[in-house]
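Worksheet: the structure to be examined is printed underneath.
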Amino acid sequence: MQPSFPGLCPIVAAVSELANAGIEERGAIFTRREVVDFILDLVGYTADRPLHRLHLLEPSFGDGDFLLPAIERLIEAWGRSAESSGDDVLALGDSIRAVELHGATFEKTRSKVVEFLEGKGMEKASARALADRWLIHGDFLLVPLDAGFDVVIGNPPYVRQELIPDVLLAEYRARYSTIYDRADLYIPFIERSLRSLVPGGQLGFICADRWMKNRYGGPLRQLVSDDFHLKVFVDMVNTPAFRTDVIAYPAITVISRERAATTRIAHQPAIEKQALSALARELLGVHGTGEAVRDLAGVVAGAEPWILGAADQFGLVRRLENCFPTIEEAGCKVGIGVATGADQAFIGPFDELDVEPDRKLPLAMTGDILDGVVKWRGFGVINPFADEGGLVDLERYPRLRRYLDARREQIAGRHVAQKTPAHWYRTIDRIYPALAQTPKLLIPDIKGEAHVVYEGGHLYPHHNLYYLTSGTWDLKALQAVLLSGIARLFVSIYSTKMRGGYLRFQAQYLRRIRVPYWADVPSTLQRDLIDAAERGDVAACNRSVFSLYGLTKDEKATLGGNGE
């Protein structure tokens with residue numbers, strides 16, 4: 001078949017470019033058969049049903065990992081049907097629609113489909129006719145499709161925005177409202193797939209779980225909240241779900257076009273046929289769940305990140321959110337350090353930065369706080385900004401001008417400089433010298449546990465450090481809270497987990513932490529919090545923080561405490 005790109009002449013070349021890209025650029029990841037069968041079971045596409053009466057969609061069929069098992073089930077169900085003596089093409093022609101962009105892959109999988117159908121006793125002409133009815137060569141985000149589908153299955157491509165030609169990305173943005181911020185290509189794939197479902201229809205995908213919690217997934221989460229039901233979530237991180245080892249954080253989601261509040265959740269199942277079959281029965285069971293499956297209500301709430309942890313953690317977070325203000329509402333500020341876009345040019349040993357004294361600031365970096373206290377290694381950052389706003393006049397700063405001119409090629413080549421050539425020497429983020437002089441807490445981005453260091457007001461934070469300042473809370477007491485299990489609870493619930501179990505202590509997650517107003521904390525407890533932080537005693541921090549929040553014995557146990 002010819003590629004299906006009707007009426008889009010200005011972007012045909014861009015689609016062709018993507019169609020001819022390599023496996024990595026196309027985001028092709030291949031799913032193990034056991035996992036495919038598991039997903040087909042979860043969406044109810046099983047051979048004991050009259051599958052010829054259902055309409056199935058596969059948005060990116062690749063080598064046929066999902067398509068061929070689905071066809072196998074369809075043919076088995078058709079063979080059991082009393083209607084199977086009729087015309088195969090007429091009866092089954094609308095049962096499947098499957099799309100693939102890559103030409104060579106399309107042809108290879110089409111041949112597999114024809115070969116499979118012939119192996120089941122179908123005439124060659126009928127096998128080819130069905131393959132031509134079922135398979136569409138084109139861009140799923142652009143091709144016209146039939147009316148609604150009962151089932152959508154697959155593993156949508158994982159392609160970063162920067163790999164998509166600009167003209168094509170603009171067309172996608174015009175069509176799909178969920179492409180927001182740095183959204184990867186699988187986001188509009190999910191949007192179109194969901195909108196293609198008939199009432200009661202079900203989508204079963206395995207794909208990256210990033211969108212469920214991060215910023216760019218907000219519009220898609222809102223869409224699910226408004227019109228759909230997150231029926232099943234299965235965490236597949238650290239499982240061999242794919243045929244090759246890939247750096248991915250996958251999850252299986254089953255989303256149906258209906259309204260309901262409860263989600264069934266399982267974590268990291270064994271990738272073995274019998275185990276997955278049993279888990280599917282438990283996830284779909286109507287008589288409650290066993291040890292491997294939990295029911296959670298209220299996972300989906302507008303554009304808010306999905307809380308998919310243990311039920312007891314979910315309950316504790318919701319209680320704290322209902323009882324206490326956010327950390328910023330309580331008078332604290334969360335920020336991130338300066339990004340320069342050219343650290344080799346803007347950052348160096350402080351004493352060796354040959355610029356006017358007021359044009360450089362001592363810099364705090366991750367390496368300065370590795371031991372839990374500040375041990376400044378002597379680096380500094382160039383500050384090109386005037387205190388009153390805007391960039392400084394280089395004519396007034398001859399040493400700064402010579403320093404920047406010597407590095408002009410590197411500095412002016414940055415994207416931020418090319419956008420505004422007259423401001424070629426600015427750092428990406430504006431620098432506010434007063435921040436260096438403000439006492440603050442410093443937190444590295446990625447850590448296994450909370451790593452919170454007090455800095456007394458001498459250093460400016462680098463961009464891989466988040467910082468907290470406060471005009472109300474005592475920072476040492478706040479340090480005790482952030483070192484406790486409460487901080488890790490909020491971050492682990494809302495953040496995306498990295499390989500090795502590491503968490504991202506980013507501003508968006510830190511802002512979700514709840515704390516009381518400082519004035520509401522009893523003076524004795526204020527002193528206990530400060531003392532625990534100054535001694536670096538995490539156990540004492542936990543004891544004081546558990547008292548601060550009035551945790552019950554069970555809630556303490558949820559955070560790893562002994563419940564006392």
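I need the full set of residues from the stretch 429-449 which are in contact with a His (Cβ under 8 Å, 6 or more places away or on another chain), in contact (Cβ under 8 Å) with a residue 60 or more places away in the chain and part of a loop (DSSP other than H, G, I, E, B), in order please.
429
Can you pull out the residues in the stretch 266-289 that are surrounded by fewer than 18 Cβ atoms within 10 Å (Cβ to Cβ), within 22 Å of the chain's Cα centre (by Cα) and modelled with pLDDT of 90 or more?
Of everything in the stretch 266-289, nothing turns out to be surrounded by fewer than 18 Cβ atoms within 10 Å (Cβ to Cβ), within 22 Å of the chain's Cα centre (by Cα) and modelled with pLDDT of 90 or more.
I'd like the residue in the stretch 165-178 that is open to solvent by less than 60 Å² (accessible area, probe 1.4 Å), in contact (Cβ under 8 Å) with a residue 40 or more places away in the chain and not in a helix (DSSP H, G or I) and, out of all such residues, is farthest from residue 221 (Cα to Cα).
165
Residues checked against (1) of a type outside the set (Ser, Thr, Tyr); (2) within 30 Å of the chain's Cα centre (by Cα); (3) modelled with pLDDT of 95 or more; (4) in a loop (DSSP other than H, G, I, E, B):
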residue: 291; (1), (2), (3), (4): yes, yes, no, yes
residue: 302; (1), (2), (3), (4): yes, yes, no, yes
residue: 306; (1), (2), (3), (4): yes, yes, no, yes
residue: 315; (1), (2), (3), (4): yes, yes, no, no
residue: 328; (1), (2), (3), (4): yes, yes, yes, yes
residue: 374; (1), (2), (3), (4): yes, no, yes, yes
residue: 387; (1), (2), (3), (4): yes, no, no, yes
residue: 399; (1), (2), (3), (4): yes, no, yes, no
residue: 402; (1), (2), (3), (4): yes, no, yes, no
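For residue 97, only one of the following conditions fails: (1) closer than 20 Å to residue 36 by Cα; (2) at pLDDT 95 or above; (3) in a helix (DSSP H, G or I). What is its number?
(3)
When only residues in the stretch 48-90 that are open to solvent by less than 20 Å² (accessible area, probe 1.4 Å) and more than 16 Å from residue 120 (Cβ to Cβ) count, which is nearest to the chain's Cα centre (by Cα)?
The qualifying residue nearest to the chain's Cα centre (by Cα) is 59.
Filter the stretch 325-353 for residues that are touching a Gly at 6+ places or on another chain (Cβ under 9 Å), of a type in the set (Gly, Ala, Ser) and either open to solvent by less than 10 Å² (accessible area, probe 1.4 Å) or farther than 13 Å from residue 468 by Cα (or both) and give the result.
Matches in the stretch 325-353: 342, 348.
Kindly evaluate residue 22 against the criterion of being under 29 Å from the mean Cα position of the chain (by Cα) and modelled with pLDDT of 95 or more.
Here the answer is no, as residue 22 does not meet what is asked.
Restricting to the stretch 180-193, and then to whatever is part of a loop (DSSP other than H, G, I, E, B) and either modelled with pLDDT of 95 or more or of a type in the set (Asp, Glu) (or both), can you tell me which residue is surrounded by the fewest Cβ atoms within 10 Å (Cβ to Cβ)?
Residue satisfying both the conditions and the ranking: 181.
Taking residue 489 as meeting all but one of (1) at pLDDT below 95; (2) open to solvent by 10 Å² or more (accessible area, probe 1.4 Å); (3) not charged (D, E, K, R), write down the number of the exception.
Looking at each condition in turn, residue 489 falls short on (2).
Hey, could you check the stretch 208-234 for residues that are aromatic (Phe, Trp, Tyr) and under 15 Å from the mean Cα position of the chain (by Cα) and say which is farthest from residue 258 (Cα to Cα)?
This residue is 216.
Would you check if there is a residue in the stretch 32-43 being outside any helix (DSSP H, G or I) and at pLDDT 95 or above?
Yes, some residue in the stretch 32-43 is outside any helix (DSSP H, G or I) and at pLDDT 95 or above.
Could you list all residues from the stretch 355-369 that are surrounded by 13 or more Cβ atoms within 10 Å (Cβ to Cβ) and of a type outside the set (Gly, Ala, Ser)?
355, 356, 359, 360, 361, 362, 363, 365, 366, 368, 369
Can you find even one residue in the stretch 235-243 that is closer than 26 Å to residue 51 by Cβ, over 11 Å from the mean Cα position of the chain (by Cα), in contact (Cβ under 8 Å) with a residue 60 or more places away in the chain and open to solvent by less than 20 Å² (accessible area, probe 1.4 Å)?
Among the residues of the stretch 235-243, at least one is closer than 26 Å to residue 51 by Cβ, over 11 Å from the mean Cα position of the chain (by Cα), in contact (Cβ under 8 Å) with a residue 60 or more places away in the chain and open to solvent by less than 20 Å² (accessible area, probe 1.4 Å), which makes the answer yes.
From 399, 377, 414, 426, grab the single residue that is of a type outside the set (S, T, N, Q) and either surrounded by fewer than 11 Cβ atoms within 10 Å (Cβ to Cβ) or free of Cβ contacts under 8 Å to residues at least 40 places away in the same chain (or both).
Only one candidate qualifies: 377.
I need a count of the residues in the stretch 306-344 that are among the acidic types (Asp, Glu) and closer than 23 Å to residue 214 by Cβ.
So the count comes out to 3.
Please work out which residue is most open to solvent (accessible area, probe 1.4 Å), limiting yourself to the stretch 509-545 and to residues that are of a type in the set (Ser, Thr, Tyr) and at pLDDT 95 or above.
517
Return the only residue of 475, 482, 391, 468 being farther than 23 Å from residue 513 by Cβ, of a type in the set (A, V, I, L, M, F, W, C) and either buried (at least 19 other Cβ atoms within 10 Å of the Cβ) or in contact (Cβ under 8 Å) with a residue 12 or more places away in the chain (or both).
Exactly one residue qualifies, and that residue is 391.
Scanning for something closer than 20 Å to residue 316 by Cβ, modelled with pLDDT under 90, out of contact with any Asp or Glu (no Cβ under 9 Å at 6 or more places or on another chain) and not hydroxyl-bearing (Ser, Thr, Tyr), does the stretch 451-471 turn up at least one residue?
Taking every residue of the stretch 451-471 in turn, none turns out to be closer than 20 Å to residue 316 by Cβ, modelled with pLDDT under 90, out of contact with any Asp or Glu (no Cβ under 9 Å at 6 or more places or on another chain) and not hydroxyl-bearing (Ser, Thr, Tyr).
Being part of a strand (DSSP E or B) and open to solvent by 10 Å² or more (accessible area, probe 1.4 Å) is the filter here, so list the residues in the stretch 113-164 that pass it.
Of everything in the stretch 113-164, those that are part of a strand (DSSP E or B) and open to solvent by 10 Å² or more (accessible area, probe 1.4 Å) turn out to be 136, 137, 150.
Could you pull out the residue among 224, 237 that is over 15 Å from residue 304 (Cβ atoms) and either part of a helix (DSSP H, G or I) or in contact with an Asp or Glu (Cβ under 9 Å, 6 or more places away or on another chain) (or both)?
237
Anything in the stretch 144-173 that is modelled with pLDDT of 95 or more and hydrophobic (A, V, I, L, M, F, W, C)? List them, or say none.
Those that are modelled with pLDDT of 95 or more and hydrophobic (A, V, I, L, M, F, W, C): 149, 151, 152, 153.
The values are calculated or read from the model by the stated rules, or taken from the named source; none is laboratory data. No experiment lies behind these values; they were computed from the predicted model shown. Neighbour counts run over all protein chains shown; Cβ positions are idealised from the backbone, glycine included. Protein only, heavy atoms only, side chains kept; ligands, DNA and RNA dropped before computing areas. Shrake-Rupley method; radii C 1.70, N 1.55, O 1.52, S 1.80 Å.
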